[in-house]
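Colleague: This is the structure, below, for whatever I ask next.
We did not get these values from a lab; they are worked out from the coordinates using the rules stated. Note that the structure is a prediction, hence the values are computed from the model and not measured. Cβ placement follows ideal geometry from the backbone for every residue including glycine, while neighbour counts extend to all protein chains displayed.
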Amino acid sequence: MPSYLDCTAVSPECPVAATTYGYYPSFGGNVFFTVFFGVLGLFQIGLGFYFRTWTFMVALCIATIMEMAGYIGRVLMSDNPWNQGAFKLQIVCLVLAPTFVAAGVYLTLKHIVLYLGPEHSRLKPRLFTWIFISCDIGSLILQAAGGGVAAAAGNTNQFLLKVGDDIIITGIAFQVATMAICGMLGLDFFIKVARRGNGLAGEKNLEDATPAISPMKMKMIVGAVILAYFTVITRCIYRIPEMAGGWGSALMQKENEFLVLDGMMIALACLTFTVFHPGLCLPSMRTGYKNRN
C-alpha cells in the first residue's frame, strides 16, 4: 500500500486516492484562509498593543498564526498531496489552533461577568480562566500528543495512526465537554442578570471610579462572545466524527465540509474578536486597569 514513506509525488504507483485526504487540496480556498488568518494575526498584534490586552493578544495571535501555518501546509499539499512535511504541519496546527480561540472566549467571559455582576454567577470570575483554561491546556496536551503520534505514523503504521486518532478524539471531546459546561454556566449567568440585575447597564463592581460601559458596547461584546463560542464548538463537534471515522474516512475526504465546518468556523470566531475586540468594549481587560475579582 502506498505511504508517505514510500511516495514523494503523485504517480501511477502513488495515486492521489491513496493519500489520507484522497484529493488535491483546493489551492484558492487554502490560500484564502492563509492570507485571511495572516491579516487577522497582524490586526490582533496591533490591537493587543494598542489596548494592552496582553493575555488575549497572545491567545489570539497563537491561534491565527497556527491557522495560517496549517493552511500553508494545505497550500503546499495542493501541489503535492504526498508532501509529508506539509501533511504533518497542517495536522498539528489545525488541530491545536482553536483551543487558543476558546481561551479567548473564557477570558472575555470572565470580564463580562465582572462588569454585569459577579454575584449572579455560580463561579467567581477568576475561576472562569483558572478552571476552563486549565481544562483547555489539558485538551491541548492531548491533541498535541495525538497529532504528534499521527504525524509520526505517516500513512504506513496503522496502529500508531489509530492510537494518535483516538488521543486526538479524546482531546477534542474533552474540549467540547469543557465548552458545554462553560456555556451552561454562561447561560445561567445571563438569565440571572436579565431577571435580577441591571441588564447590560452593569453594576458597580470596580474599586476605583471608572466610566461605565455603554449598553451598546456591552451588547457588542456579549454578541461577539456568543458567536465565537458557537463557531468554535461547532468546529469541535464536526471534528469528532471526522476523526472517529479514522484517517482517510469518507468525511475526512470531503474538503468542502472541512473548509466550512473547520476553516470558516474558526475564521468567523477570529474575525469577530478582531472587529469587536474585547479591549474596545471591556476596559478591565487592559493592563493597568484594576478590578475586583
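Colleague: Which trypsin sites (Lys or Arg not before Pro) in segment 1-97 pass both tests, a DSSP loop state and at most 16 other beta-carbon atoms within 10 Å?
Modeller: The qualifying sites are R52.
Colleague: Counting only helical runs of four or more DSSP H residues, what would the 222 nm mean residue ellipticity of the chain come to if each run contributes -39,500 (n - 2.57) and the total is spread over all its residues?
Modeller: -24000 deg cm²/dmol
Colleague: Moving on. Can you give me the three principal axis dimensions of segment 34-140 from its C-alpha atoms, in Å, biggest first?
Modeller: Ordered largest first, segment 34-140 gives principal extents of 56, 31, 15 Å.
Colleague: Find the relative contact order for segment 25-285 and round it to a whole percent, using C-alpha pairs within less than 8 Å whose residues are 6+ positions apart.
Modeller: In percent, rounded to a whole number, it is 21.
Colleague: Kirkwood Rh over alpha-carbon pairs of segment 25-285, then Stokes-Einstein at 4 °C and 1.567 mPa s: what D in µm² s⁻¹, rounded to an integer?
Modeller: Stokes-Einstein gives a translational diffusion coefficient of 68 µm²/s.
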